[in-house]
1. For 193, 204, 216, what ranking results if the residue with the fewest other Cβ atoms within 10 Å of its Cβ goes first?
2. Helix 41-50 sits at what angle to the longest principal axis of the chain, using alpha carbons and giving 0 to 90 degrees rounded to 10?
3. Residues of the stretch 33-72 with the amide nitrogen closer than 12 Å to a label point 7 Å from the Cα of residue 22, along Cα-to-Cβ, please.
4. At residue 183 and residue 164, where each label point lies 7 Å from the Cα along Cα→Cβ, what is the point-to-point distance in nanometres?
5. Would you mind checking the tilt of helix 191-205 against the longest principal axis of the Cα atoms of the chain, expressed as 0 to 90 degrees and rounded to 10?
6. Using a basic spin-label model with each label point 7 Å from the Cα along Cα→Cβ, how many nm lie between residue 101 and residue 89?
7. With each pseudo-label sitting 7 Å past Cα toward Cβ, what's the residue 190-residue 81 distance in nm, one decimal?
8. Could you check which residue among 48, 207, 230 shows the biggest mean-square fluctuation in a GNM of the chain with a 10 Å Cα cutoff?
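Nothing in this text is a laboratory measurement; each read-out follows from the coordinates by a stated rule. Bear in mind the structure is a predicted one, so any value in this text is a computation, not a measurement. Don't worry about glycine lacking a Cβ; one is built from the backbone with ideal geometry, like all the others, and counts go over all protein chains shown.
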């Protein structure tokens, strides 16, 4: 309840034991459900008009990058959905932080818009003591949030090997970049700005006329940890075999 009072409405999803009134199709048969109260006025207006909770998965094809603009959704689903509700660009640029509650404290399943540093000011964060391969949320899959093109994490422009490539820079590069396309997440190196631009820029760089995307590493502090979590998963998509032995509790 403490976290609800502090971070709701906002980008914090809590995994709780579900009630019998929640259909299994909402939770993929799991005994828990992820609950969040959004802060966006359009989402809140929709909930008030419906007068019921909304089962809302991400508006993207499974495994692909999360949309942060309405045109991303429209292009991804084309004519497969009859209506897209435009609430403007995403305020945070990345998904919510997902947590569950253990006897010893709070466990983070997915780093997101609320950082571990912010959570640690109010609760004790516990380490992962589950069996290897345990997956309770899609955000914990070993590969996720990935572009169609292979993505390679690099320290800087000097690591670029192919000109037929896209380059996602954290801050303004100190010199020329060999890649065909370059986007800078934050010219000044601001992690919040970088996160807000992250998926939008990465979607732009996932083009047909490149062979690979190079992504510059970010500092793994604050919201930078969440961005790096997604980049690491994206970089594994083309080097891992499909996972068929995940342990869903």
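1. Values: 193 17, 204 14, 216 22.
In order of increasing Cβ crowding within 10 Å: 204, 193, 216.
2. Taking the Cα atoms of the chain, the angle to 41-50 is about 40 degrees.
3. 33-37, 53-56
4. So the label points at residue 183 and residue 164 sit 2.2 nm apart.
5. For 191-205 against the chain, the angle is about 70 degrees.
6. Label at residue 101, label at residue 89, 3.7 nm between them.
7. 2.9
8. The residue that fluctuates most here is 48.
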